[in-house]
1. Determine, from the Cβ-Cβ distance of residue 220 and residue 194 and an R0 of 25 Å, the FRET efficiency 1/(1 + (r/R0)^6), rounded to the nearest 0.05.
2. With everything on Cα atoms, drop me the angle between helix 203-217 and the longest principal axis of the chain, reported from 0 to 90° to the nearest 10.
3. If you line up the long axis of helix 177-187 against the longest principal axis of the chain, both from Cα atoms, how many degrees apart are they, to the nearest 10?
4. Which part of the stretch 8-24 falls in the paramagnetic zone of residue 152, meaning amide N under 16 Å from the point 7 Å along Cα-to-beta-carbon?
5. Checking a compactness column here: for the stretch 82-125, what do you get for Rg(Cα) / (2.2 N^0.38 Å), N being the number of residues?
6. Using only Cα atoms, locate the centre of the stretch 189-225 and the centre of the stretch 78-100, then give the distance between them in Å, rounded to an integer.
7. How far apart, in nm, are two points set 7 Å out from the Cα along the Cα-to-Cβ line at residue 34 and at residue 132?
8. Test of understanding: in a Gaussian network model of the chain with alpha carbons linked when under 10 Å, which of 131, 112, 204 would top the mean-square fluctuation ranking?
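Read-outs throughout are calculated quantities, based only on the coordinates presented, and are distinct from any laboratory measurement. These numbers were taken from a predicted model, which means no experiment stands behind them. Neighbour counts are summed over all protein chains in view; Cβ atoms, including those assigned to glycine, are modelled from backbone coordinates with ideal geometry.
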């Protein structure tokens, strides 16, 4: 990905190679504009009719997409829905039943702190559900894809991924507004419980958010996170 020189080349490289690492039969990259309207779509295994139906009907009732939009982290149906209820969900009944999507997994493509697209996977037929390893792998893919896309769209950020990873613009680009709030409170020395009280969320929600933030920023501690974000936090 890091050597792609155009956005189209980057998308094609991901589309050509990614399915083998996730054991999927259908996959795609969707990019959207500032108003969340689809601007480009590369898919494999699904028809144009399905894509159109998803945009018109499925997108608004997609619980996995809602999770990805809120947390900027990958999710699959068993992570966001009660066990055994996927095939009773509106998304499955209105859209995915047509494609025999037994399991789905979606990851975020992020730019300037906003969701600018998604990577979507589906397994069909008698296949296993996605697991935590799949989530971790997709998180890494989404991180690098977001960074490479940002470099192509904004060459001033740097000419290679290793340079860009150290740029604080990447850090701010990867985090949601809520995550930046949490990071700011961590920098002030607040505990998870105190952060939860300040933001009116549970302590466990803070803990889970920090785990996702560590993964996005490729750090392993609160100290490392604050050091990486030191010039961005209030």
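1. 0.70
2. Computed tilt is about 80 degrees.
3. That helix lies at roughly 30 degrees to the long axis.
4. Hits in the stretch 8-24 for residue 152 at 16 Å: 8-18.
5. Here the Cα radius of gyration is 1.38 times the empirical estimate.
6. 31 Å
7. 4.0 nm
8. Most flexible of the set in this elastic network: 204.
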